[in-house]
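Okay, structure first, notes after.
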Amino acid sequence: MISDSIRAVILGVVEGVTEFLPVSSTGHLLLAERFFDLGEDNFWKSFAVLIQLGAILAIVAIYFGKLWRIALGMFSNPEDRRFVIGVLVAFLPAAVIGAAAGGYIKSYLFNPWVVCFSLIVGGAILLWVDQLDLDPHEDDATRYPLLMYLWIGIAQCMAMIPGVSRSGASIVAAMLLGGDKRSAAEFSFFLAIPTMVGAFAYDFYKNRGEMTIDHIGVIAIGFVVSFITAIIVVRTFLNYVTRHGFKFFAWWRVIVGTLGLIALALGR
């Protein structure tokens, strides 16, 4: 029997490693919970959302200087203000659809079969995009056109299907719309801040009755582990995709999804 502390560490690592990679953190967490018996009750489902805040704080820590400069300049600098508006524009579609259909999505789509198929299909799309002869003309995520931000936000809504990947959907959209690999990945980080903070606040409020004083220590462990892991992964990921693209992550998705389907077919 795995202790709650060990479960928190494992899920914290899974969250920190997968949140900002185009492989779907939600999908990996669901599969980990299913195949390794890491907890499928209401608390552990909420735990998976709550520890995302640790990963978000990792992004804030890494980009603190840039984010602070934009926050100070948004009232006086038109370019900084336009970027803030762009992030909000990109966030809006997910906020509207999440509020309207969040319950339905969790009830009917949060199952391992959907995750595995989504991982495989998303991996194939990522391989296709990575091999396209694109001509990127946007290399600064803070200077994308406003319409480009909106389309990225619309694409991100696909990630409400577990296994699709929020970062993967936004990266693919940004690249198809003219962003280079590095700026596409960076914007997926920035867009994650309001998106995941919103998901955290909504889930915490909705499931606050499931939280007890006994859960604080477990949540703290998962939070810290996801924070540290995410910092390491984000720093490594940007340099890797700039040089090598997304093939590794695409094949990872396909392999994990295929193994998951085999396990489910065998009754796991």
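Just wondering, is there one or more residues in region 6-26 that are among the aromatic types (Phe, Trp, Tyr) and assigned to a helix (DSSP H, G or I)?
Within region 6-26, the first condition is being among the aromatic types (Phe, Trp, Tyr), and the residues that meet it are 20.
Then drop every residue that is not assigned to a helix (DSSP H, G or I), which leaves none.
No, there is no match, as no residue in region 6-26 is among the aromatic types (Phe, Trp, Tyr) and assigned to a helix (DSSP H, G or I).
Here are Ala61, Ala48: which of them is hydrophobic (A, V, I, L, M, F, W, C), part of a helix (DSSP H, G or I) and at pLDDT below 90?
On the way: Ala61 fails: at pLDDT below 90.
When all the criteria are applied, what remains is Ala48.
For region 108-140, enumerate the residues that are open to solvent by 90 Å² or more (accessible area, probe 1.4 Å) and closer than 30 Å to Leu259 by Cα. Of everything in region 108-140, those that are open to solvent by 90 Å² or more (accessible area, probe 1.4 Å) and closer than 30 Å to Leu259 by Cα turn out to be Tyr108, Trp113, Phe117, Trp128, Gln131.
Helices (runs of 4 or more DSSP H) fully within region 152-266 that include at least 3 residues being more than 18 Å from Asp130 (Cβ to Cβ): 181-206, 216-244, 247-265.
Checked against the criterion of being more than 18 Å from Val23 (Cβ to Cβ) and within 17 Å of the chain's Cα centre (by Cα), the candidates Ile152, Ile161 yield just one match: Ile152. Checked against (1) open to solvent by 20 Å² or more (accessible area, probe 1.4 Å); (2) under 27 Å from Tyr149 (Cα atoms), Phe246 passes all but a single condition, namely (1).
The values are calculated or read from the model by the stated rules, or taken from the named source; none is laboratory data. Keep in mind it's a predicted model, so treat the numbers as computed, not measured. Cβ sites come from the backbone with ideal geometry, for glycine too, and all protein chains shown count toward neighbours. With ligands, DNA and RNA removed, areas are computed over all heavy atoms of the protein, side chains included. Shrake-Rupley method; radii C 1.70, N 1.55, O 1.52, S 1.80 Å.
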